[in-house]
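Below you'll find the structure, written out as structure tokens, and then a few comments.
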């Protein structure tokens, strides 16, 4: 009789667990479907819904997920991409696969099946590693929507699907996995879209010179005049613990040397991960043969999960062109019109980008060829950079 009761209790427990798991699956898929179906949702809301669905889904699949995370995550690597997770074929991949498609669509990226997944699971902090490896159960969190200064809490799920509200700035004692976007992969894919958009515009305008820096061919027998970043640092802005390393890039703006068209160049800055740290990259930031009047502006930007790169590139290009068209005689103003182009670009960016630390970082106006700029503060005071001229001699 006792054995029968135990069997009944076990069956009831298994049935209850399966039923609850199915409920969580249904809720995660519902959240995803809302993001996929509702074209009226803005990019941030779509992505937040997607990340919430992912966190909920992975929390209840933790029994299957844990061995994979234990194998992939260590003191040298705190994050794992969804491709590595799904390659083990132990998880239900439905939510994760749909989530990746939702992220790509919201960010204006290629939906190719050959592309790497943009979904990532990251341990929030290295100090959590020991407790988690010793068996402490984790929470699964996702970054909230909107301006971080207006966040009341960070939502997380335990392995039973229960909601926990975590402090925004104080690191939790319990291990937490942040479920969201692989910012490095999304960043690289996004910059590719922006460069492609700029290049397509140039082709339509009859210009054979692509704006992608990598496709600019220098004349082999002439010195190349450039400006390099010798040193750069960003201010510590006390970001929430859920935020990972930054992905910074620069937009260099100026005017084409041969015609009255704007030039927008994208420069990756993959080394610039953390605020309150000084970096010494010796990186070329400006190729001067691409700009008229030997002057250009530099806008520093940070990758944001909510950015649709196709829309962003189109808006920036349109803004720059409109400013230039509104000036009857650009040659008369000379390099003084370059800040007008830059300000037009900044005006085309959403207002929220200037109240959220994760978007617009700083701007440098009217950098000139051949000049040294030691420890130069940006207009917003968020960046300090040393710019120096560098002439690259041809190979003989």
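The values are calculated or read from the model by the stated rules, or taken from the named source; none is laboratory data. Note that the structure is a prediction, hence the values are computed from the model and not measured. All Cβ positions, even for glycine, are placed from backbone atoms using ideal geometry, and neighbour counts span all protein chains on display.
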Quick one: residue 379 ticks every box in (1) within 18 Å of residue 323 (Cβ to Cβ); (2) surrounded by fewer than 20 Cβ atoms within 10 Å (Cβ to Cβ); (3) in contact with a helix residue (DSSP H, G or I) (Cβ under 9 Å, 6 or more places away or on another chain); (4) at pLDDT 75 or above bar one, so which box is it? (3)
Residue 58: passes all of (1) in contact (Cβ under 8 Å) with a residue 24 or more places away in the chain; (2) in contact with a helix residue (DSSP H, G or I) (Cβ under 9 Å, 6 or more places away or on another chain); (3) more than 25 Å from residue 307 (Cβ to Cβ) but (3)
Across (1) under 26 Å from residue 143 (Cβ atoms); (2) modelled with pLDDT of 75 or more, residue 355 clears everything bar (2)
Of 100, 167, 116, which residue is without any contact (Cβ under 8 Å) to a residue 60 or more places away in the chain and within 16 Å of the chain's Cα centre (by Cα)? 100
Considering (1) out of contact with any helix residue (DSSP H, G or I) (no Cβ under 8 Å at 6 or more places or on another chain); (2) surrounded by fewer than 15 Cβ atoms within 10 Å (Cβ to Cβ), say which one residue 166 fails and leave the rest. (2)
Which of the residues belonging to the range 66-90 are in contact with a strand residue (DSSP E or B) (Cβ under 8 Å, 6 or more places away or on another chain) and either without any contact (Cβ under 8 Å) to a residue 40 or more places away in the chain or in a helix (DSSP H, G or I) (or both)? 68, 69, 72, 82, 85
